[in-house]
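Everything on this sheet refers to the single structure shown next.
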Amino acid sequence: MRDRKSKKMKMGIDILMTVLLFLLMAYHYTGQMWHEITGTAMFVLFICHHVMNRKWYLTIGKGKYPAGWISLTVMNLCLTVDVVLLMFSGIMMSGYVFRFLPFHGSVSFARRVHMTAAYLGFLLMSFHIGLHMGSVFGRIGNKLKEQEEKKRGFSLLRAVLLLLVCVVSIYGIYALNKRNFLGYISGSTMFAFFDYAELPVYFFLDYAAIMIFGITAAFLIQKIITGGLKGMAGKMKKHFTEHKKRYVILAVVLMVVCILFFVFGGLTYVRRHYRTVSVNRSQVTKTEKVDMNGKKGIIIYFTRVGNTNFKENVDAVSSASLMEENETLIGNSELLAEMLENAAGYPSYAIKTKKKYSSGYGATVSEAKKEMDANTPSELENDFPELSEYDTVLLVYPLWWGTLPMPVQTFLEKNDLTGKTVYSLVTHGGSGFGSAVQDTGKYTKAQVSSENLSVYDDDVTEALPEVTAWVKRIAGLN
Ligand SMILES: Cc1cc2nc3c(=O)[nH]c(=O)nc-3n(C[C@H](O)[C@H](O)[C@H](O)COP(=O)(O)O)c2cc1C
């Protein structure tokens, strides 16, 4: 009786930990405070999980299959170290739960550790579940088999479940790449790209697929190590040959579903992200002129286009959502600046760098990181008009590595904006404002307004209503 109760409790804790894990990965939906609270709860449950499963430690080295036990022990140790790293790095960055603690270290280092440990931890946790799921899978398999024997035939449920696990696991590999797990784990990508506009259901489905992939991979690897795969393969082969026809029908149905999914979902994605989008510039920027209530302003923008040595065939090299009109490239910030120009009636000026960035998107990303790490100011090509006659600066730029691009930082540092108010319009690939608005104050003596706007890069062409409403707010009209 007590045994059953403790088993139920263990199961409850495990399920709760899995739910919390998903919430922790969804940082951009929960926000920092809830992320910290959830993380703390997770750590408490992690300790409970260890205490309740303490008997497992006694079994170390006593398993039937040494290789199986070694891999399990190493995996569990890695997971424990990973969770401890997560906790310490989390505490170092804490702005709410552990704010009172004195040891706040290098936030940038802690952030890197936290990000690597978080994504690695998600995978390790999936493997951990997979390695301990052997008995659960066995029980489900036996139940379905019993039913099959009773009916003396083909268990559609069993076949569908098997196919589903295969398809979801394959999709999990794709999602692993789509969600840039390897980039975060290896540290080659420093900032998490979040699509704030994405419906949470898509986010959680992708993570569920990644977890199912992890569980399946660990389960199969364990089977290989313990020699159980051979028997399993033999049974499956017998089953498939007995019910060949039905599996062929199922496979065809599945293929049709996949093709439809690719055509309607995949192609749209490819078009949006890997090709330049044609726009009718005057049409997407035409808007009502807002009365700025006497505020005299200027628009300063920075964009990749004009500051990059693009090759002729830009589609093949950009891999970013660039736009074009009559074969002339237009940057996202440039288009947003034009919308502002039409709405506020302010003149606009582009920040131009002397040294141009490389044509490839990836190369620009690396170059930008290098100059930011080295804190090298950009050499700017242009002189701006006398800024003293303006009281308002509308600053438009893309988010680079979670903050302002170096040329924008340099512009702010080189121009005295004392007494003016800076409003920021940030376009991004998923990270929202990042830390750009907070960072702006480091480079300028101007007052940094809290009335700012961020636009997701794919939404730039449709951003006019939002931009116009923002201009009205700046003018104090709503
Ligand atoms: C060097 C570089 C770094 C970037 N870093 C980020 C980032 O940290 N977060 C983000 O959401 N998007 C990031 N992006 C994507 C851009 O902010 C986004 O695509 C923007 O709309 C591009 O605007 P533009 O066409 O005016 O240059 C980055 C792009 C580049 C080229």
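Just a few scattered comments:
- Based on C-alpha pairs under 8 angstrom that are at least 6 apart in sequence, the stretch 279-475 has a relative contact order of 26 percent.
- Between Thr353 and Glu381, the built amide H atoms are under 5 Å apart, and every one of these is 5 or more places off in sequence or on another chain.
- Near the amide H of Thr308, within less than 5 Å, lie the amide hydrogens of Tyr357, all on another chain or at least 5 residues away, with H placed in the peptide plane.
- The stretch 279-475: antiparallel DSSP beta bridges as a percent of all, rounded to 5: 20 percent
- The mean accessible area for residues of the stretch 279-475, using a 1.4 Å probe and ignoring ligands and nucleic acids, is 43 Å² per residue.
- Across Lys354/Lys414; Lys296/Lys355; Lys445/Lys472; Lys286/Lys472; Lys289/Lys420; Lys354/Lys420, pairs whose alpha-carbon gap is larger than 20 Å: Lys296/Lys355; Lys445/Lys472; Lys289/Lys420; Lys354/Lys420
- Area of Lys370 that stays accessible when all protein chains are in place (1.4 Å probe, Å², to 10): 150 Å²
- Of all lysines in the structure, the ones whose alpha carbon falls short of 22 Å from that of Lys235, not counting any fewer than 8 places away in one chain, are Lys143, Lys145, Lys150, Lys151, Lys223, Lys244, Lys245.
- Cross-link partners for Lys238 among the aspartates and glutamates, with Cα-Cα distance under 20 Å and sequence neighbours closer than 8 places in the same chain left out: Glu146, Glu148, Glu149.
- Residue-wise HN-Hα couplings along the stretch 397-404, as the Karplus relation 6.51 cos²θ - 1.76 cosθ + 1.60 with θ = phi - 60° gives them from phi, are 7, x, 6, 10, 6, x, 8, 6 Hz; Gly and Pro carry x.
- Listed by chain and number, the aspartates and glutamates placed with their C-alpha closer than 13 angstrom to that of Lys178 are Asp195, Asp206; residues fewer than eight positions away on the same chain are left out.
- Three-way shape label, the stretch 279-475, alpha-carbon gyration tensor, a/c 1.5: oblate
- For the stretch 279-475, the carbon plus sulfur part of the accessible surface works out to 44%, probe radius 1.4 Å.
The values are calculated or read from the model by the stated rules, or taken from the named source; none is laboratory data. Fair warning: this is a prediction, and the values are worked out from it, not measured in the lab. Heads up: the accessible areas ignore ligands, DNA and RNA and are worked out on the full protein's heavy atoms, side chains in. Shrake-Rupley method; radii C 1.70, N 1.55, O 1.52, S 1.80 Å.
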